[in-house]
Amino acid sequence: MRNHWSVQPLGYMFWHRKKQFLLERDTDDSWTMFAVESGRFAYRIGEEEGEAGFGDIVVCPPGVVFHRRTIEPLTFHFVKFEWEPAPAPEEAGRLGGRWTVRDAERLMSTYRYMKEIGSGIREEPALGRMKHMVEDLWRLIEMEQSREAADAKPQADPPGPDMQKARRWLMAHAYGPIAMRKLADELDITPVQLTRRFRAAYRTTPSEFVTGLRLARACRLLEETTEPLEPIAQQCGYENGFYLSRMFKAKLGMTPSAYRKLHRV
């Protein structure tokens, strides 16, 4: 990552369950960022292509064609920004592409603040606050990259096809009953191997990854609806409101009712 940098946000938009992009390819004269809360989309930036979902941040340098296609209804934060100072062309190529943030709890918190700040970022104090949030995303990426570099393996291998398949499976089944043994059987490995290999690929266990997805959905439903806790719990994959409340308090440090009072939009 870069040394002695900052970013200047130029524009922001939050999209909820967008079914398709207006343009499946576009070129911008600024840096652009697609930070995914839920859903999935396929992308191609230069020679890099892949799929992005929860926890992924896809960044496109200026002047580069950005191909994108929704796979599932997409909830995401779109940010236009500039680097200060501007990176050299070779460095710009390294900054583009898909980055994955594993710290789901911190990521959800940053996303909530970005949504609260909203699109009016051309004036203070909103501009300074959004600048802080976008830089926070890059600092999360930076810190996780630094931790990976300090691991016993000097360079972590990218996730293999089997773990990418596991991640897609978990995202598709996160909000219903999940049997990790079934996923392990589909991959022809043991549950212990699944946990070890998923953690090596994504720095989190399959169960922790699912918890992040479920709590992200719970946060959105608490913010955007007036539904009681019981149906929200069922939509998020939990048996009842009591269990959701216990997980919510353990992971986010407050009860769902307290969260709703603080973050209603």
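Annotations for the structure displayed:
- Within the range 175-221, the residues that satisfy the criterion of being of a type in the set (Ser, Thr, Tyr), in a helix (DSSP H, G or I) and closer than 18 Å to Asp56 by Cβ are Tyr202, Thr211.
- Some residue of the range 115-122 being outside any loop (DSSP other than H, G, I, E, B), buried (at least 17 other Cβ atoms within 10 Å of the Cβ) and either modelled with pLDDT of 90 or more or not hydroxyl-bearing (Ser, Thr, Tyr) (or both): yes
- Among residues of the range 200-212, those that are in contact with a Leu (Cβ under 8 Å, 6 or more places away or on another chain) and farther than 12 Å from Asp103 by Cα, counted: 2
- Any pair with Cβ under 7 angstrom, 6 or more apart, that starts in the range 172-183 at a residue that is closer than 9 Å to Gly237 by Cβ and ends at one that is among the hydrophobic types (A, V, I, L, M, F, W, C): Ala174/Val210; Ala174/Leu213; Tyr175/Cys236; Ile178/Val210
- Residues satisfying the criterion are absent from the range 36-48 (criterion: polar (S, T, N, Q), assigned to a strand (DSSP E or B) and over 10 Å from the mean Cα position of the chain (by Cα)).
- When Asp188 is tested against (1) touching an Asp or Glu at 6+ places or on another chain (Cβ under 7 Å); (2) surrounded by fewer than 19 Cβ atoms within 10 Å (Cβ to Cβ), only condition (1) is not met.
- Selection status of Leu252, without any contact (Cβ under 8 Å) to a residue 40 or more places away in the chain and aliphatic (A, V, I, L, M): no
The values are calculated or read from the model by the stated rules, or taken from the named source; none is laboratory data. These numbers were taken from a predicted model, which means no experiment stands behind them. So basically every Cβ, Gly included, is an ideal-geometry build from the backbone, and we count neighbours across all protein chains shown.
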